[in-house]
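The structure appears right after this line, and notes come after that.
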Amino acid sequence: MDQTKASHGESGPAVTIAPSPWPVINDEVIDAVVRVLREESLSPIMQVGIIKEFEDNFAQYQGRKFAFAVNSGTAALDTALHVSGVGPGDEVIVSPYTWGATVGCILHNNAIPVFADIDPLTFNIRPDEIRKKITDRTKAIVTVHIYGHPCDMDPINEIAREHNLRVIEDCAQAHGATYNGRKVGSLGDIGCFSLQASKNLTGGEGGILVFDDETLFDEVVSWASHPMRQFMELQDKPLGAYIDSVAPNFRMHAVSAAIANVQLKHLDTWVAQRRKNLAYLTRSLSDIPGIRTTFVAPNCEHAVHIIPFIYKADELNNVPLEKFRNALALEGLETNSYVGTPIHLRPRFQERRFWGKGCPWSCGYAGRSIEYRKGDCPVAEKRCSGEELTLQSIGFHVPCTDYLDQIGAAFKKAANKALAGNL
């Protein structure tokens, strides 16, 4: 971590340290990529070599029997829904407070998203809200471990068992997080991970599914791989009759696998340091009015992919969130409002517009008319109405107390200006 050379006095910005870059691209990563370029195919259609090695290593890390590498977290979710039998007329319960692709994958399968509200502290889907949304059309539940905090999976799994529903975990932001001592991704029927460059585990781009059911493995291979891998894995099985090139073929690139395979060796160390840095920052910000720091449930370990705060304007002279964020930016600290608008209130859902001719909502298989209204998910809506303040955790994988102190100073300066009426 390098200090900038410019000297800033009291009137200068609070944050002058550049965080350590992410992702980590060191000699170990470069050597692994060069080895693939020199020794392996750039298009390993049977997903052997480094791709199979990464799949095996990740399955072992997750404590699951199978892992299947794909080209994005979106492809992982799309595949998980498809092999779960989700299709036209089915309903899938999901959080309205997530990255849009979580919900988009439901639409890709011509199924209908049904939104269940979130917990006001973890921002994750609530089991009691899930229960309210179940109908005879419900096929699956997608649990999003938002920001890296695990969902409350035990009651969710209990509900799923009662109603014979598939549970698909969206772990895109939660590599290394644990719930009751178990890694996320090992808690539902299928765990889906993104390996995009910002993620705690990255291949630059990519995704991976993990699960235990051999029947699911055959379905995944049939749907998401090249016909040559289908032949290798399925020729003597029932799905061997369907070996062809019609399916999407979401296979991962070998270079992505090489990068992710190296990163996996260091994941637990990096995530442990992220937690230490989050705890340090939380202590630093705990006495600042208007800022509620990141909550972590006692039975959970956070992955610390993104750091969420709750902004309380009424404690800071009713300064709007955007003005407060601008004040932080002037102090050298860039923040975000991650979701912005809950998914169910976005134009695509208000207009029920995705596929042509109104599908999936007006599909002939749809069992009822579903519309999305303001007030459907009041906790998520409140979160996105001036309270949603988030910070990227870039640099948190290494010790960085000087940088964290400067983040704390930026928040304090912005809060003091708000209280003094100077924003």
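The values are calculated or read from the model by the stated rules, or taken from the named source; none is laboratory data. Note that this is a predicted model, so its numbers are computed, not measured. Every residue, glycine among them, receives a Cβ derived from its backbone with ideal geometry; neighbour counts consider all protein chains shown.
For the reader, a short list of remarks on this structure follows.
- In segment 377-404, the residues that are in a loop (DSSP other than H, G, I, E, B) and either in contact with a Pro (Cβ under 8 Å, 6 or more places away or on another chain) or not charged (D, E, K, R) (or both): Cys377, Cys384, Ser385, Gly386, Ser393, Ile394, Gly395, Phe396, His397, Val398, Pro399, Cys400
- Which listed residue is modelled with pLDDT of 95 or more, out of contact with any helix residue (DSSP H, G or I) (no Cβ under 9 Å at 6 or more places or on another chain) and outside any helix (DSSP H, G or I), from Pro21, Pro13: Pro21
- For Ala327: the one exception among (1) part of a loop (DSSP other than H, G, I, E, B); (2) modelled with pLDDT of 95 or more; (3) farther than 24 Å from Ile118 by Cα; (4) of a type in the set (A, V, I, L, M): (1)
- Selection of segment 129-145 for residues being touching a helix residue (DSSP H, G or I) at 6+ places or on another chain (Cβ under 8 Å), surrounded by fewer than 22 Cβ atoms within 10 Å (Cβ to Cβ) and without any contact (Cβ under 8 Å) to a residue 40 or more places away in the chain yields only Arg131.
- Residues of segment 177-201 that are assigned to a loop (DSSP other than H, G, I, E, B) and buried (at least 23 other Cβ atoms within 10 Å of the Cβ): Ala177, Val184, Gly185, Gly188, Leu195, Lys199, Asn200, Leu201.
Quick grid of which residues meet (1) over 23 Å from Leu201 (Cα atoms); (2) aliphatic (A, V, I, L, M); (3) part of a helix (DSSP H, G or I):
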{"residue": "Asp31", "(1), (2), (3)": "no, no, yes"}
{"residue": "Val36", "(1), (2), (3)": "no, yes, yes"}
{"residue": "Ser43", "(1), (2), (3)": "no, no, no"}
{"residue": "Glu53", "(1), (2), (3)": "no, no, yes"}
{"residue": "Phe68", "(1), (2), (3)": "no, no, no"}
{"residue": "Asp78", "(1), (2), (3)": "no, no, yes"}
{"residue": "Pro88", "(1), (2), (3)": "yes, no, no"}
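- Here is the figure for segment 20-66: residues that are farther than 21 Å from Ala197 by Cα and touching a residue at least 60 places away in the same chain (Cβ under 8 Å) total 11.
- Every residue from segment 244-263 that is among the aliphatic types (A, V, I, L, M), touching a Phe, Trp or Tyr at 6+ places or on another chain (Cβ under 7 Å) and surrounded by 20 or more Cβ atoms within 10 Å (Cβ to Cβ): Ala257, Ala260
- Close pairs (7 angstrom Cβ cut-off, 6 or more residues apart or separate chains): within 25 Å of Glu214 (Cβ to Cβ) in segment 171-197, assigned to a strand (DSSP E or B) and basic (Lys, Arg) anywhere: Asp189/Arg166
- Residue that is assigned to a helix (DSSP H, G or I) and either in contact with a helix residue (DSSP H, G or I) (Cβ under 8 Å, 6 or more places away or on another chain) or on the phi < 0 side of the Ramachandran plot (or both), where the choices are Ala415, Ala366: Ala415
- Filter result for Asn416 (under 30 Å from His302 (Cβ atoms) and of a type outside the set (Lys, Arg)): yes
- Against the criterion of being basic (Lys, Arg), at pLDDT 95 or above and either farther than 27 Å from Gly176 by Cβ or touching a strand residue (DSSP E or B) at 6+ places or on another chain (Cβ under 8 Å) (or both), Arg161 does not qualify.
- For the residues Asp236, Asp154, the requirement of being part of a helix (DSSP H, G or I) and either acidic (Asp, Glu) or surrounded by fewer than 24 Cβ atoms within 10 Å (Cβ to Cβ) (or both) singles out Asp154.
- Near pairs, Cβ below 7 angstrom, 6+ apart or cross-chain, from segment 345-357 (without any contact (Cβ under 8 Å) to a residue 12 or more places away in the chain) to any residue that is surrounded by 16 or more Cβ atoms within 10 Å (Cβ to Cβ) and of a type in the set (Phe, Trp, Tyr): Arg348/Phe354
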